Amino acid sequence: MAGPTPDELRSVVDRFPTPPDAEAFGRADELLDGTYSAIAESWYPELRRLATAYAEGDVLRESVLEHVEAVPSFRISEGATPLTRRREALATAAETLDSVAEVSAWYDDLRTLLADSPDSRSLLERLLHDFGYAAAHVLFLGASSPEQVVRRLRWAYRTVGVRIDSVSSEAGTERTTFTCPYRDVAAGRCGKRWVCHEKLDRVDDGYVTYLRERGIDYQRPRGCAESERCHSSVARDGPSQWWPKTPPSAVEREP
């Protein structure tokens, strides 16, 4: 998946609901622990810079998506456990300021535009995804925990020549940092990291699909844009909720 056109991305980015210069914004932002202002003042300017770099061919879709997924967030659940007071705060913030809900709708449009989907994959990418999905049935056979999955995953990394630089485990998340030998393959013709991130990562997408079906959250390689190293993580897949990904309407409907 090469990604959206620069005009498509810029069109969505430019629709960001800018915080109004009003007292209501201050009240809503305080209820959200300053998340809205953090998005507007630090995260959004970097998004605009990345959108420009994307249009100029300096960064890949993956780099923009990684930044989008790192948006400042206001948690309203701890895994599957609702955080009642924070949910009430989000609902109140949305009642105080209409753009709180608008940011959620905008963020959903942005993620949808950038996220990989079956319909957006080329024939080669679909084949790579399906190969990864099929291989996952063998690779992860009998693995039912993040610890078991990550051991198999690291073995697979090493098998294809990836160098594992460091591993860590924290709060149920298994993290692997590594150096990919394919980052510069065909860089002169297709762009740096194009082969590993826009093509070979489709195999990882097959792993993601397989593991998600079994309650495991595999965050495939990230963090490669500004470093020679990438990282991935494996954890239990839980229905964690946070704004702006979770819209206020999801909590306003609650009794």
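The values are calculated or read from the model by the stated rules, or taken from the named source; none is laboratory data. This one's a predicted model, so the numbers in the text were calculated from it and none came from an experiment. Quick reminder, even Gly has a Cβ in these numbers, built from the backbone with ideal geometry, and neighbours come from all protein chains shown.
Is it true that some residue in segment 42-57 is under 18 Å from residue 100 (Cα atoms) and either in contact with a helix residue (DSSP H, G or I) (Cβ under 9 Å, 6 or more places away or on another chain) or assigned to a loop (DSSP other than H, G, I, E, B) (or both)? Steps first, please.
From segment 42-57, those under 18 Å from residue 100 (Cα atoms) are 42-44; that's our starting set.
Going one step further and asking which of them are either in contact with a helix residue (DSSP H, G or I) (Cβ under 9 Å, 6 or more places away or on another chain) or assigned to a loop (DSSP other than H, G, I, E, B) (or both), we end up with 43-44.
Yes.
Determine whether segment 69-88 contains at least one residue that is at pLDDT 95 or above, assigned to a helix (DSSP H, G or I) and not charged (D, E, K, R).
Within segment 69-88, none of the residues are at pLDDT 95 or above, assigned to a helix (DSSP H, G or I) and not charged (D, E, K, R).
Among what's in segment 123-156 and is in contact with a helix residue (DSSP H, G or I) (Cβ under 7 Å, 6 or more places away or on another chain) and acidic (Asp, Glu), pick the residue that is surrounded by the most Cβ atoms within 10 Å (Cβ to Cβ).
125
If the requirement is being over 20 Å from the mean Cα position of the chain (by Cα) and either under 20 Å from residue 204 (Cα atoms) or of a type outside the set (D, E, K, R) (or both), which of these qualifies: 38, 91? Walk me through it before giving the result.
Details: 38 fails: over 20 Å from the mean Cα position of the chain (by Cα).
Only one candidate qualifies: 91.
Return the residue satisfying two criteria in turn: it lies in segment 53-63 and is in contact (Cβ under 8 Å) with a residue 24 or more places away in the chain and not charged (D, E, K, R), and of such residues it is surrounded by the fewest Cβ atoms within 10 Å (Cβ to Cβ).
This residue is 57.
Being farther than 23 Å from residue 241 by Cα, among the acidic types (Asp, Glu), touching a residue at least 60 places away in the same chain (Cβ under 8 Å) and assigned to a helix (DSSP H, G or I) is true for just one of 66, 102, 8. Which residue is that? Reasoning before the result, please.
Details: 66 fails: farther than 23 Å from residue 241 by Cα; 102 fails: farther than 23 Å from residue 241 by Cα.
Criteria check complete, one pass: 8.
Could you list, in sequence order, all residues of segment 169-180 that are under 17 Å from residue 220 (Cβ atoms) and part of a strand (DSSP E or B)?
Just the residues of segment 169-180 that are under 17 Å from residue 220 (Cβ atoms), to begin with: 173-180.
Passing the criteria: 173, 174, 175, 176, 177, 178, 179.
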